[in-house]
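What follows is one structure encoded as structure tokens, with my remarks underneath.
All of the numbers you see were taken from the coordinates with simple rules; none came from a lab. Worth saying up front: this structure is predicted, and the values here are computed from it rather than measured. Every residue, glycine among them, receives a Cβ derived from its backbone with ideal geometry; neighbour counts consider all protein chains shown.
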Amino acid sequence: MKAFAYSRAGDVEAAIRLISRNRPAKFLGGGTNLVDLMREEIEQPAHLVDVTRLPLAQIEERPDGSVRIGALVRNSHLAASRFIRVHYPLLSQAIVMGASGQIRNMATTGGNLMQRTRCQYFYDRQARCNKRQPGAGCDALEGFNRMHAILGASSACIATHASDMAVALVALDATILVRGPGGERAIPMTEFHRLPGDTPHVDTNLGPDELITAVDVPALPFAGHSRYRKVRDRASYAFALVSVAAALDVDAGRVRGVRLALGGVAPRPWRAVAAERALVGGPATVEAFRGAAAQELQAARGLAHNAFKIELAQRTMVSVLRSLLHEGAAR
Amino acid sequence: MSAPGVAERTEILDAVAVGLRINGVEHELRLDPRVSLLDALREHVGLTGTKKGCDQGACGACTVLVDGERINACLALAVQYEGREIATIEGIAGDSIHPLQAAFIEHDAFQCGYCTPGQICSALGMVAELRGGMPSAVTGDVAAEVIALTEAELKERMSGNLCRCGAYVGIVEAIQETFAGQLTR
């Protein structure tokens, strides 16, 4: 690990001042991804600004049914929140399907969003990687690309974003609140992570000196009936091959509302806009689910080892929607 | 180390003062900010019960409790944990060994023993999480008030701790015997 200077921010303004005046610098949350990448010398910040003591660890339930999640709420605390478990079960499920118990206790909400979009070639400094070294090339394209993207990738990068929490948040239409030298702004979750294009070294649309302060999740009454399903190579502590976050609202056999997002298939948490559009107002049937899933995956492109995900994603979407439909009917 | 909110510029120092509270005892250390909590415990304080396996958060051998919650000490920078209540395997026993330690012996829940301190600290943290209502990946209804410590729940919740000797059968039995009565009400 390269040497760095450590400082601890006492308030948000100080954190932003510290990061603006010390370059190259990074904010330090739980460190579960950043410290690991620093040890591999893939990340080499000269300054770390520890933000974990900032007063941003509250889960604030609001009268309108929405919730504001402080950036420093740890993943385990968010998953265990009674309010989240009852009103947004897919978010609680997504979090506990990610990483291990130890890591969830360390990882913060903001840090989870800021984990690098990555693959094993990004970690392997002997390999070519446009994300690690812009212009170097990508060894994953012709390499072992089982874990890689089938949607939204580019010829420069096919890495996926590994967060499960983010897939649930994008399905819930969350908004990321950030503070920087220019003040506060809100970034919709759907626009927070970037597609790689020809700049895969830039993962998010967060400005260089901006700090995530909170995540706002709007009220969504039918999210009480929702699910996160993760398909992976082993039963626990593994990244998704494919994951699906879904909430379904059915009235008299027709889809009144639906939220769908995919993980493990794209460089960012993938909101299944085409599938949602195909379903809303139509019949809530397995045939309709199949059609919508097929529409979402129409643009998918498989590589040597990950083409199976195109069918797996569709089957998982249909399976999750079908189980939500049957449970809804049984209630 | 800079006082909160005071320094505008920070500089790279070979060592900074770090006060760590470990098993109820204060330790005033001077550490390079790169030193992990794991290395601080083993190399600077001399508490070698906490083990280094993968050093990247995959194996759980370095699991310790911070304010009662389990974490991977290898991914933690020691400077970040100033003032927190850190418990290691050396602090788990009271006058006699902890019931979970006794159950590990009774059930042959180890062979080489290298993962054992991490397994025991992790299990203690895991049980506290379960009591706090934390669901897991195998919990059917995440909104349930009480979650029983079934074998499936236990295995899922302990998936951050590897045992390369394969003593898992004994580990599961030891944890179940120690806590099942308290949790399946």
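A few points about this structure:
- Only DSSP H runs of four or more residues enter the estimate; each adds -39500 (n - 2.57), and after division by the residues of the protein assembly as shown the mean residue ellipticity at 222 nm equals -8000 deg cm²/dmol.
- Long pairs among A:LYS230/B:LYS51; A:LYS131/B:LYS51; A:LYS131/A:LYS230, criterion Cα-Cα beyond 29 Å: A:LYS230/B:LYS51; A:LYS131/B:LYS51
- Number of partner chain Cβ atoms within 10 Å, mean per residue of B:166-178: 0
- Mean Cα-pair separation over length for the stretch A:225-330, i.e. relative contact order, pairs under 8 Å, 6 or more apart, %: 25
- Extended-chain gain in nm, criterion 0.36 nm per residue less alpha-carbon gap, A:SER155 and A:ALA235: 25.6 nm
- Distance between the stretch B:105-160 and the stretch B:41-61 - C-alpha centres, whole angstrom: 20
- Listed by chain and number, the aspartates and glutamates whose C-alpha is less than 18 Å from the C-alpha of A:LYS309, apart from same-chain residues fewer than 8 away, are A:GLU142, A:ASP164, A:ASP233, A:GLU296.
- Highest-fluctuation residue, A:ILE69, A:ILE176, A:ILE42 considered, GNM on chain A with Cα pairs under 10 Å: A:ILE42
- Applying 1/(1 + (r/R0)^6) with R0 = 25 Å to the Cβ-Cβ distance of A:ARG82 and B:ARG84 gives a FRET efficiency near 0.45.
- B:CYS163 long-range amide H proximity, modeled H, under 5 Å: none
- Pair A:ALA136, A:GLU184: separation of 7 Å Cα→Cβ label points (nm): 3.9
- Using R0 = 45 Å, the C-beta based FRET efficiency linking B:ARG131 and A:GLN298 works out to 0.40.
- Dimensions of the stretch A:29-176 from C-alpha coordinates, computed as largest minus smallest value along each principal axis and given longest first, are 51, 35, 25 Å.
- Rounded to 0.05, the FRET efficiency of the B:GLN111 and B:ALA152 pair, given R0 = 35 Å and the Cβ-Cβ distance, is 0.90.
- Working value for the stretch B:99-183: equivalent-ellipsoid semi-axes of 23, 13, 10 Å, each the square root of 5 times a Cα gyration tensor eigenvalue, largest first.
- Distance from the C-alpha centroid of the stretch A:207-227 to that of the stretch A:111-165: 25 Å, rounded to the whole angstrom.
- Average Cα contact separation per residue, the stretch B:99-183, under 8 Å, 6 or more apart, as relative contact order %: 49
- Backbone geometry of the stretch B:51-65 corresponds, through the Karplus equation with coefficients 6.51, -1.76 and 1.60 at θ = phi - 60°, to 3J(HN,Hα) couplings of 9, 9, x, 7, 6, 9, x, 9, 9, x, 4, 8, 4, 10, 9 Hz, x marking Gly and Pro.
- 14 Å reach of a label modelled at B:VAL25, 7 Å along Cα-to-Cβ, counting backbone N of the stretch B:70-85: none
- For the protein assembly as shown, the calculated P(r) over all alpha carbon pairs, in 10 Å bins from 0 to the bin holding the longest distance, is 4, 18, 28, 28, 17, 5, 1 percent.
- The residues packed around A:VAL258, meaning those with a beta-carbon under 10 Å from its beta-carbon, carry a net charge of +1 if Lys and Arg are +1 and Asp and Glu are -1.
- Candidates B:GLU129, B:GLU11, B:GLU106: whichever shows maximal mean-square fluctuation once chain B is modelled as a Gaussian network with Cα springs under 10 Å: B:GLU11
- Spin-label model distance (nm) - B:GLU43 vs B:ALA15, 7 Å beyond Cα toward Cβ: 1.3
- Selected from A:ALA168, A:ALA159, A:ALA288 as most flexible by GNM, with chain A as the system and alpha-carbon contacts under 10 Å: A:ALA288
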